[in-house]
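Here's the structure, in structure tokens; my notes come after.
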Amino acid sequence: MGRAGLMAQYGLIEAGGTKFVLGIADETRAISARHQVPTTTPQETLEACVAWFREQGLRNPEAIGIASFGPLDLNRASPTWGHITRTPKPHWSGADLVTPFARGFNCPVVIDTDVNGAALSEHRWGAGIEHDSLLYLTIGTGVGGGFVGAGGGLLHGLTHPEMGHIRMKRHPLDQDYPGFCLFHGDCFEGLVAGPAIKDRWGASLSELPADHPASTIIAWYIGQAICSFQAIMDPARIVLGGGVMHAPGILDKIRAAARELGAGYFIGDPQEVVVAPALGDNAGLLGALALVLKEEK
């Protein structure tokens, strides 16, 4: 329960490069209000978020949870904790995501990456129920990953993992494309993210014909990454989200590629281990809630 014995209220933010999705929820996961704010400049976007929460009557929230695009400074001892660090998103490098909400609502603010939030929510309420470990990968405008290990702990190091920037072996039919990543060229994100697909084939994976070689190439790269993460983390469940995963048939092609590339070495059938998100459109907001509830333990 929250303050004065009332049901605790939480402000939730799924901060994305295109839009900020806002919500208000209680500890039962009931989302009572939802809104979207376009991602423009930090000042304009964050002021619009604060204004909407106030319009909804959110006065004394128990906490505000933020599941955000990154990279983020997550070191609480750092003077730039809660800031976005080096991002290709114009205007957002150095943006402080925490202070406007901490000052505006005088409550704790919990922040982590969007993929860590999604991993935590899927582990707690979705595809990872009854499993000790879960890896969540989003394949969309960018590529990122979050890992929940035994005991429900998130994987952190000096900062948070950047799984989208691992190096990849090139597909035989995709040798010449230099990659879309501004930092690394043909890393995982630079080869399979939505902008990389559109850059070399002129359309999204969902818009291309079903028999176009792009789907086989993209599935092969994602299958290769899955094998890498199985070798390092051995997750019981690997959840694949993001816009690229909306392409018809892509999940089955990825499973087939992971099976072939794994060569029978890893425990677990990709048909069972590699799955779609179970929480659907609520995964992001519930990720922000899961971060807050984890902090309150």
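Here the stretch 127-278 was treated as a single set of alpha-carbon atoms; its pair distances binned every 5 Å from 0 give 2, 10, 20, 23, 21, 14, 7, 2, 0 percent.
Other residues with beta-carbon under 14 Å from the beta-carbon of residue 83 carry, at +1 per Lys or Arg and -1 per Asp or Glu, a net charge of 0. Projecting the Cα atoms of 212, 268, 248 onto the charge dipole of the stretch 127-278 (Cβ charges, centred on the Cα centre) puts 212 farthest toward the positive pole. Pairwise Cα distances in the stretch 92-214 exceed 19 Å in 61 percent of cases.
FRET efficiency for the pair residue 47 and residue 18, taken as 1/(1 + (r/R0)^6) with r the Cβ-Cβ distance and R0 = 25 Å, rounds to 0.90. For the chain, the membrane-span-like helices by this rule, meaning whole DSSP H stretches whose C-alpha atoms cover at least 24 Å of axis and whose Kyte-Doolittle mean is 0.0 or above, are 213-233; this says nothing about an actual membrane.
Could you tell me what % of all Cα pairs in the stretch 157-219 have separations over 20 Å?
Numbers: 528 of 1953 pairs.
Tail of the P(r) past 20 Å holds 27 percent of the pairs.
Each other residue within a Cβ distance under 14 Å of residue 268 adds +1 if Lys or Arg and -1 if Asp or Glu, for a net charge of -1. What you get for the stretch 127-278, charging only the Cβ of Lys and Arg (+1) and of Asp and Glu (-1), is a dipole of about 160 debye around the Cα centre.
The Cα center of the stretch 150-220 and the Cα center of the stretch 79-106 differ in position by 27 Å. About the centre of its Cα atoms, the chain shows a dipole size close to 340 debye [charges on the beta carbon of Lys, Arg (+1) and Asp, Glu (-1) only; nearest 20 debye]. For the stretch 73-85, backbone phi angles converted through the Karplus equation (6.51, -1.76, 1.60; θ = phi - 60°) give residue-by-residue couplings of 8, 10, 7, 5, 7, 7, x, 10, 4, x, 9, 6, 9 Hz, Gly and Pro being listed as x.
Which residue, 231, 127, 219, has the most motion in a Gaussian network model of the chain that connects Cα atoms within less than 10 Å? Between 231, 127, 219, it is 231 that shows the largest mean-square fluctuation.
How would the stretch 92-138 be classified by its alpha-carbon gyration tensor: rounded, prolate or oblate, with rounded meaning a/c under 1.5 and the a/b versus b/c comparison settling the rest? Judged from the Cα gyration tensor, the stretch 92-138 comes out oblate (a/c at least 1.5, b/c at or above a/b). The stretch 249-285 and the stretch 28-69 have their alpha-carbon centroids 33 Å apart.
May I ask you to derive the FRET efficiency for residue 295 and residue 86 from their Cβ-Cβ distance with R0 = 41 Å, giving the value to the nearest 0.05?
Details: r = 26 Å, r/R0 = 0.63.
Efficiency for this residue pair is about 0.95.
Sorted from longest to shortest, the spans of the Cα atoms of the stretch 17-158 along the three principal axes equal 39, 35, 31 Å. The fraction of all Cα pairs in the stretch 1-86 landing in successive 5 Å bins from 0 to the largest distance is 3, 13, 22, 22, 18, 14, 7, 1, 0, given as whole percents. Within the shell defined by Cβ-Cβ distances under 12 Å, the residues around residue 148 carry a net charge of 0, with Lys and Arg each +1 and Asp and Glu each -1. Applied to the stretch 102-112, the Karplus parametrisation 6.51 cos²θ - 1.76 cosθ + 1.60 on θ = phi - 60° returns per-residue 3J(HN,Hα) values of 4, 6, x, 10, 6, 9, x, 10, 10, 9, 7 Hz, with x for Gly and Pro. Peptides 196-209, 132-145 ranked from most to least packed by the mean count of surrounding Cβ atoms within 10 Å: 132-145, 196-209. Expressed as a fraction of 2.2 N^0.38 Å, the value expected for a compact globular protein of N residues, the C-alpha radius of gyration of the chain is 1.00.
Coordinate-derived values only; no laboratory data. Just so it is clear, the model here is predicted, and its values are computed rather than measured. Glycine gets a Cβ as well: all are built from the backbone with ideal geometry, and neighbour counts include every protein chain shown.
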